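The values are calculated or read from the model by the stated rules, or taken from the named source; none is laboratory data. All figures in this text were calculated on a predicted structure; none of them were measured in a lab. Ideal geometry is used to build each Cβ from the backbone, glycine not excepted, and the neighbour counts take in all protein chains shown.
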Amino acid sequence: MSAAANAIKLYTAGTPNGYKISIFLELLGLKYDVQKVNIREGEQKQDWFVQLNPNGRIPTLVDNSTGVTISQTGAILQYLADTYDKENKFSYKIGTKEYYKQLEYLVFSVAEQGPITGQLSHFTFAAPEKIPYAINRYSTDVKRIVGVFDDILSRNKEALYLVGPHISIADISVFGWANSLHRVNLDLSEFKLFNKYVEALREIPEIQKGLTIPN
């Protein structure tokens, strides 16, 4: 990232959702500026940020080259793919069966994987009191979701990705939360393909770089 202002500006924090977008920007090789949002201090609820994103959540991306301001990780990933991945290196061409499977798994990630894993993290680390029922419930559901991804990976005979022969925005979305699972101390050893998949993604240099943003 250069010192001069770039067209793209990412408002983010060091969270699974934030990392999804910095990872994809790095994979795309785009220049972008970063503004760290202090979510512990509630900066995302301040008026200046709510003007960008009425929901008051990170990440939010502003692209001055297109005039688009967008939030929600699934929407940002799809926007970046549609706008900047013209050769479909990290996505699939609209209308293909791979495109719709990519969309299916992207929606599954943002609608189920993220919220359920987030709830497990909350009740494990942030709740003012330990509630065994909540921890057990979300632990069970996280393991179920990991099992679903393990099954999906076993069905793709082309490569160790969710869809087709190469990484896609669905994989990037899944990795954002999968990379944090070690924190919640779940035994996921039975899901061998899923574990191999996550470890392989961690070795990609652009993903490693994306995980350092913001510093």
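So, Tyr105, is that one under 21 Å from Phe175 (Cβ atoms), outside the structural domain of His166 (by TED's automatic domain parsing) and part of a helix (DSSP H, G or I) or not?
no
Do we find that Tyr11 is in a strand (DSSP E or B), of a type in the set (Ser, Thr, Tyr) and modelled with pLDDT of 95 or more in this structure?
Details: in a strand (DSSP E or B): yes; of a type in the set (Ser, Thr, Tyr): yes; modelled with pLDDT of 95 or more: yes.
It is true that Tyr11 is in a strand (DSSP E or B), of a type in the set (Ser, Thr, Tyr) and modelled with pLDDT of 95 or more.
Within segment 70-89, is even one residue outside the structural domain of Ala170 (by TED's automatic domain parsing), touching an Asp or Glu at 6+ places or on another chain (Cβ under 9 Å) and touching a residue at least 40 places away in the same chain (Cβ under 8 Å)?
yes
Tell me, yes or no, whether segment 185-197 has at least one residue that is assigned by TED's automatic domain parsing to the domain that holds Leu120 and within 16 Å of Val110 (Cα to Cα).
Scanning segment 185-197, I find no residue that is assigned by TED's automatic domain parsing to the domain that holds Leu120 and within 16 Å of Val110 (Cα to Cα), so the answer is no.
Here's the yes/no breakdown for (1) touching a helix residue (DSSP H, G or I) at 6+ places or on another chain (Cβ under 9 Å); (2) within 30 Å of Asn64 (Cβ to Cβ); (3) in contact (Cβ under 8 Å) with a residue 60 or more places away in the chain:
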position: Ser121; (1), (2), (3): yes, no, yes
position: Glu129; (1), (2), (3): no, no, no
position: Lys157; (1), (2), (3): no, no, no
position: His166; (1), (2), (3): no, yes, yes
position: Phe175; (1), (2), (3): yes, yes, yes
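Quick check, is Arg137 out of contact with any Asp or Glu (no Cβ under 9 Å at 6 or more places or on another chain), among the basic types (Lys, Arg) and surrounded by fewer than 13 Cβ atoms within 10 Å (Cβ to Cβ)?
no
Applying the selection to segment 46-65, what residues are under 23 Å from the mean Cα position of the chain (by Cα) and part of a loop (DSSP other than H, G, I, E, B)?
Residues satisfying the conditions are Asn53, Pro54, Asn55, Gly56, Arg57, Ile58, Pro59, Asn64.
So which residues in segment 76-96 are outside any loop (DSSP other than H, G, I, E, B) and either farther than 20 Å from Val62 by Cα or touching a helix residue (DSSP H, G or I) at 6+ places or on another chain (Cβ under 7 Å) (or both)?
Scanning segment 76-96 gives Ile76, Leu77, Gln78, Leu80, Ala81, Tyr84.
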